[in-house]
Each structure stands twice: as structure tokens, then as C-alpha cells.
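The values are calculated or read from the model by the stated rules, or taken from the named source; none is laboratory data. This is a predicted model, so every value here is computed, not measured. All Cβ positions, even for glycine, are placed from backbone atoms using ideal geometry, and neighbour counts span all protein chains on display. In case anyone asks, the SASA skips ligands and DNA or RNA and just uses the protein heavy atoms, side chains included. Shrake-Rupley method; radii C 1.70, N 1.55, O 1.52, S 1.80 Å.
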Amino acid sequence: MASGDWATCEETGTRPQYRGPMAARDVRAQVDSLLLQLLRDLEELEGKRAALNARVEEGWLSLSKARYAMGAKSVGPLQYASRMEPQVCVYTSEAQDGLQKFWVVRASAQTPEEVGPREAALRRRKGLTRTPELESSPAPRDPLNWFGILVPHSLRHAQASFREGLQLAADMASLQIRIDWGRSQLRELQEKLKQLAPESA
């Protein structure tokens, strides 16, 4: 190893730092690895974008079929509940690398702390009082029940398609954040490589 590959403590004011041809090769290896990861992420993002477009198209097509089968006025805003509750929630977290990630969590139909309707009715017959939490947090209803009990399969298929699309959108948002971070890291490595190029010449 050439002595010029190391900078002394007097030169840097800190611990010895590696420089020279081998440092440039290390940076090039990091650039290559980062480029490969970026290409994989971009390919995955493109695949999820195509899948999202397909799910949305399937959802609207199934919704049109449901309206044709049930009647246009039977599937519309007039059937919406007066009070809507979210069926899914989007959460964010920070991974070990500091990047933000999104994921979709379905709201449970009934939490363990809640009491089912049969048990609640039994308590009322026995004269037992219910807790305030049970009054303020009823189990969320399936939105398909707004349109009747026996809904066509096309309406259920539309709901499933849009749910899958929501999950894909969350995955795409996480991927886009990772891609933006990778691009910023790539620019930093390219600038570092420019600074090392004259030393390795």
C-alpha cells in the first residue's frame, strides 16, 4: 500500500483518513451498489404503479356492473351512511435507516375490549350498566351494508379492488421516499468521487 493512501493526523486534525486510489475504488463500489438498488426500486415502483392502475380500473368496472344490476339509484350517495367511520388507517414509522415508511392497517370489526351485541343485550336484561367506552366506540359497519344485505358479487369485487389499490398506494409512497433518498446519496457520492479523482490521478 502506498504511503500516499493515508492522511496523517496533523493533516486532517482528526483520526487518520483513507484516501487515494483505493478510496476512489471504494466510492465507485458504493456508487455501483446504490445504482443497482435504485434500479431495483424503480422497477418495483413501476410494477406497483401498473398494478394500482389495474386495480382502480377493475374497481370502477365492477362498480359499473353493480349499478347496472341493482339500478343506478341503488348505488350512490343517497345510500351513504350519515356517519362514516374509516375501515382502514394509514400509519407511518421511521425505519432503522431513518426513512419513513407507510402501511395500511384495517380497523378491526370488534376489539377485545368491546362487548358484542348479544352480551350487551344480556347485560341490559340483567340490569347491568355498560361502560361509557362501549357507547362511544361501536363496531364499524361494513360499507357494503349501506346498499342492502344481499349485494351482488360485482360490488364486493369493487370493494376488494379499491382496498388492494390503497395498499399499493402506501407501498408506492414508501418506495418513492427510498428512491428520493437514494438519489440524494448518489449525488453526494458522485461529488465525493470528483474530489478524489485528482488525488487518484
Hey, can you rank 61-74, 150-163, 85-98 by average C-beta count inside 10 Å, highest first?
150-163, 61-74, 85-98
Can you tell me the length gained on complete extension of the stretch Trp181 to Val90, counting 0.36 nm per residue apart and subtracting the Cα distance?
30.6 nm
Quick one: with all protein chains in place, what share of the accessible area of region 47-102 is carbon or sulfur, to the nearest percent (1.4 Å probe)?
55 percent
Tell me, what is the FRET efficiency for Ala173 and Leu36 to the nearest 0.05, using R0 = 25 angstrom and their Cβ-Cβ distance as r?
0.65
Given a 1.4 Å probe, how much area per residue of region 72-111 is accessible, in Å²?
80 Å²
Give me the percent of Cα-Cα pairs in region 46-86 that sit more than 15 Å apart, rounded to a whole number.
59 percent
So for region 56-110, Kirkwood radius off the Cα pairs, Stokes-Einstein at 20 °C and 1.002 mPa s: how many µm² s⁻¹?
146 µm²/s
Multiply the residue separation of His153 and Ala51 by 0.36 nm, subtract the distance between their alpha-carbon atoms, and state the gained length in nm to one decimal.
34.6 nm
Rounded to one decimal in nm, the spacing of the 7 Å Cα→Cβ label points at Leu193 and Ala107 is 5.0 nm
